[in-house]
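Below is one structure; the comments refer to it alone.
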Amino acid sequence: MAKQKTKILVIDDDPKVSWILSEGLPSHFEFISARDGIEGIQMVSTEQPDLILLDIKMQGMSGLEVLEKLNKMESRPDVIMLSGHGDTRYVVDSVKLGAAEFINKPFDVKEVEIHINGVLERGRLRSELAKAKEELRSQKKYANFIGDSEPMLRVKALIEQVADSELTVLIRGESGTGKEIVARSLHELSGRRNQPFMKVNCAAIPRDLLEAELFGYEKGAFTGAHKNKQGRFEVANKGTIFLDEIGDMPMELQSKLLQVLEQQEFVRVGGVQTISVDVRIICATNRNLEEAIGEGQFRDDLFYRLNEITIFLPPLRERAEDVPLLVNHFLEKYNALYSREYANLSSETIDRLMGFHWPGNIRQLENMIKQVVVRADEGIIEELIRSAAQQPVKSTSGGAAGAAPGAAPLPETYDGDLSLKSVVGRRIAEEEKRLISHVLNKTNWNRRKAADILQISYRSLLYKIKDYELNATK
Ligand SMILES: Nc1ncnc2c1ncn2[C@@H]1O[C@H](COP(=O)(O)OP(=O)(O)OP(=O)(O)O)[C@@H](O)[C@H]1O
Ligand SMILES: [Mg+2]
């Protein structure tokens, strides 16, 4: 197999240096040269060398100044400094600026080769290590996706098969079954994991703002559009966009979305210029889309386009054998979070949990275990189950306060960050969210009326709805 070329940029005002090296070193090293710092810095971007040899003393910008500039780049190749006699006092400065090695001129080419190989090898090890760490990290995140039951094993196998593809995935399942966790897992296990994951809750963003939110807008497109703004699709470029509650997307927008899916391009609201993006799309819904199509609320062509792969998450009541695993997982999670040591639940309690019908699915179970840990009392489970059983729980996504049984406010536990500002801030935010949600429900989600009652501006109400991820319970 042909050895891959290693490209080395020599930045030195003496052209002999690069010439001597390319004559003296094996041909798998390709030397390119720049005569001064400015040209050198440009070539780092245009040529993307694997390594840089940088002279300390040059006309114009000195080697150290060049190194400082290179450090400002998002990433740069390793740099070996070349020093003439009398430059040794700059060694310390170079090391501080992150130079990998230091070679004295005049040099012996063999010696240079050894240094170059050493630095390249260290770089390779470093990036392998980083890659391994990164893989471990995403595996770890995925490890938090619990479930060994037959249906969950099938779901996991499907996730692993389709994660690293460009297929558009539609995730379906009742509220609280883990649709968001699946969407994040798909992203984490894909080649896009280091790029943005952008979640957009189509139900939480007011209809008239959703288009601008997704596709951005140009200055003057509507009242209040004071400057150009990128939409979520642009921000998510190279990454993944997760369109949550896609079933609630207004019809007009559905056609624009279809067009984006087909062409990977769009125009901003009020704009003329076509913008291209490279975005993987994942959608989720707990609505019955076939029914919505029948009622003329969802486009069938969009449905087929979104539906390249469907991952269906079974409700928790259909996989009771996952309950004990989930219980342990959440016990560990909340013990760690609240610095508690609440031990395992009794087998009677576990049985009770396995037999429950879980209208709010895993979110509801998680909430219960959280309260058990905080109050250090598994006795409350009976009480929670009984009160939950009396109320139908449907679509509590976003966890709007008061919507889910078992979501009663927790007593504040003064653990962790004890700054007055942050503890009080948290309480205020909770209270604010609860009140806004209450008023919205009272006004049937009439946002103008709600803003009036709350005595805040319409716009700031919209922001708060977004921040708190509130949405109308269907
Ligand atoms: N398999 C799982 N393992 C561990 N935690 C899970 C699992 N499934 C769900 N959860 C947890 O349950 C909660 C609800 O999950 P998620 O938000 O993904 O549900 P959802 O299907 O998006 O619900 P909704 O339709 O209401 O938005 C989250 O805190 C999530 O971390
Ligand atoms: Mg969700």
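The values are calculated or read from the model by the stated rules, or taken from the named source; none is laboratory data. Note that this is a predicted model, so its numbers are computed, not measured. Every residue, glycine as well, gets a Cβ built from its backbone with ideal geometry; the counts of neighbours run over all protein chains shown.
Do any helices (runs of 4 or more DSSP H) entirely within segment 156-252 hold 3 or more residues that are over 22 Å from Leu289 (Cα atoms) and within 16 Å of ligand 1 (Cβ to nearest atom), and if so, which? Step through it out loud before you land on a result.
Numbers: elements: 179-188, 207-215, 232-235.
Passing ranges, in order: 179-188.
Name every residue in segment 95-123 that is basic (Lys, Arg) and surrounded by fewer than 11 Cβ atoms within 10 Å (Cβ to Cβ), in order of residue number.
Lys96, Lys110, listed by residue number.
Consider segment 58-77. How many of its residues are hydroxyl-bearing (Ser, Thr, Tyr) and surrounded by fewer than 17 Cβ atoms within 10 Å (Cβ to Cβ)?
1
In segment 283-317, which residue that is in a loop (DSSP other than H, G, I, E, B) and over 29 Å from the mean Cα position of the chain (by Cα) is nearest to ligand 1 (Cβ to nearest atom)?
Gln297
If Val155 satisfies every condition in (1) among the aliphatic types (A, V, I, L, M); (2) within 16 Å of ligand 2 (Cβ to nearest atom); (3) without any contact (Cβ under 8 Å) to a residue 60 or more places away in the chain but one, which is the exception?
Tallying (1) among the aliphatic types (A, V, I, L, M); (2) within 16 Å of ligand 2 (Cβ to nearest atom); (3) without any contact (Cβ under 8 Å) to a residue 60 or more places away in the chain, Val155 fails exactly one: (3).
Within segment 339-355, identify whether any single residue is part of a loop (DSSP other than H, G, I, E, B), touching a residue at least 12 places away in the same chain (Cβ under 8 Å) and under 24 Å from the mean Cα position of the chain (by Cα), and answer yes or no.
For segment 339-355, residues part of a loop (DSSP other than H, G, I, E, B), touching a residue at least 12 places away in the same chain (Cβ under 8 Å) and under 24 Å from the mean Cα position of the chain (by Cα): absent.
Out of the residues in segment 415-445 that are hydrophobic (A, V, I, L, M, F, W, C), at pLDDT 75 or above and within 22 Å of Leu337 (Cα to Cα), which is surrounded by the most Cβ atoms within 10 Å (Cβ to Cβ)?
Taking the candidates together, the pick is Ala429.
One line per residue, one yes/no per condition, for (1) closer than 18 Å to Arg76 by Cβ; (2) without any contact (Cβ under 8 Å) to a residue 60 or more places away in the chain; (3) of a type in the set (Lys, Arg):
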{"position": "Gln4", "(1), (2), (3)": "no, yes, no"}
{"position": "Lys7", "(1), (2), (3)": "yes, yes, yes"}
{"position": "Asp12", "(1), (2), (3)": "yes, no, no"}
{"position": "Lys16", "(1), (2), (3)": "no, yes, yes"}
{"position": "Trp19", "(1), (2), (3)": "no, yes, no"}
{"position": "Leu25", "(1), (2), (3)": "no, no, no"}
{"position": "Glu30", "(1), (2), (3)": "no, yes, no"}
{"position": "Arg35", "(1), (2), (3)": "no, yes, yes"}
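Going by what's in this entry, would Ala130 be described as within 30 Å of Val66 (Cβ to Cβ), touching a helix residue (DSSP H, G or I) at 6+ places or on another chain (Cβ under 6 Å), of a type in the set (Gly, Ala, Ser) and away from ligand 1 (no atom under 16 Å from the Cβ)?
For Ala130, the condition - within 30 Å of Val66 (Cβ to Cβ), touching a helix residue (DSSP H, G or I) at 6+ places or on another chain (Cβ under 6 Å), of a type in the set (Gly, Ala, Ser) and away from ligand 1 (no atom under 16 Å from the Cβ) - is not met.
Yes/no per residue for (1) crowded, with 21+ Cβ neighbours inside 10 Å; (2) of a type in the set (A, V, I, L, M); (3) in contact with a helix residue (DSSP H, G or I) (Cβ under 9 Å, 6 or more places away or on another chain):
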site: Arg154; (1), (2), (3): no, no, no
site: Leu170; (1), (2), (3): yes, yes, yes
site: Lys199; (1), (2), (3): no, no, yes
site: Ala225; (1), (2), (3): no, yes, yes
site: Phe242; (1), (2), (3): yes, no, yes
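Quick check on Ala336: is it in contact with a helix residue (DSSP H, G or I) (Cβ under 9 Å, 6 or more places away or on another chain), surrounded by fewer than 17 Cβ atoms within 10 Å (Cβ to Cβ) and in the same structural domain as Asn361 (by TED's automatic domain parsing)?
Spelling it out, it is not the case that Ala336 is in contact with a helix residue (DSSP H, G or I) (Cβ under 9 Å, 6 or more places away or on another chain), surrounded by fewer than 17 Cβ atoms within 10 Å (Cβ to Cβ) and in the same structural domain as Asn361 (by TED's automatic domain parsing).
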